[in-house]
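Peer 1: One structure, pasted below without further comment.
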Amino acid sequence: MDGRWYDADAGPLVRPYAMTGGRTKPGAHGVRFDLIALVVVDADAGGAADESSLEPEHRALLGLCRAETQSVAELAAEADLPVGVVRVLLGDLLEAGHVRVSRPVPPARLPEMRILREVIEGLRAL
């Protein structure tokens, strides 16, 4: 090995554990970041002045959420980061008050499969 931490095509390499400080779980008040949980920038947050102290990955996630509400899975794909890393970074942003997270609808509150089939059959009959 020649000791390089980068690839000429890929650019500098930053290990995921370096982005999260070695953390593997978000520390945000026990919030679970499901893949379909929706993340939105908190309009009441302090603004750009508070963002100057954030790491580049945190700012990238904020930028993606500022454009439109995103799911955790979409953020991971757009930021090209592992989902576990995105969850930890979102936990930081949530604790700092930069974002709000809405949980997905619990399965018990979803419509029954029978009702959905009847709706589909009704639409096909049109």
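The values are calculated or read from the model by the stated rules, or taken from the named source; none is laboratory data. This one's a predicted model, so the numbers in the text were calculated from it and none came from an experiment. Glycine gets a Cβ as well: all are built from the backbone with ideal geometry, and neighbour counts include every protein chain shown.
Peer 1: For segment 1-98, please list each of the helices (runs of 4 or more DSSP H) lying entirely inside it that holds at least 1 residues being at pLDDT below 85 and surrounded by fewer than 15 Cβ atoms within 10 Å (Cβ to Cβ). I'd like the intermediate steps shown before the answer.
Peer 2: On the way: elements: 16-19, 48-51, 56-67, 72-79, 83-95.
Correct list: 16-19, 48-51, 56-67.
Peer 1: Enumerate the pairs (first residue in segment 60-87 and more than 17 Å from residue 44 (Cα to Cα); second residue anywhere and of a type in the set (Phe, Trp, Tyr) and buried (at least 16 other Cβ atoms within 10 Å of the Cβ)) with beta-carbon separation below 6 Å, excluding pairs fewer than 6 apart on the same chain, so at least 6 apart or on different chains.
Peer 2: 72/33; 87/33
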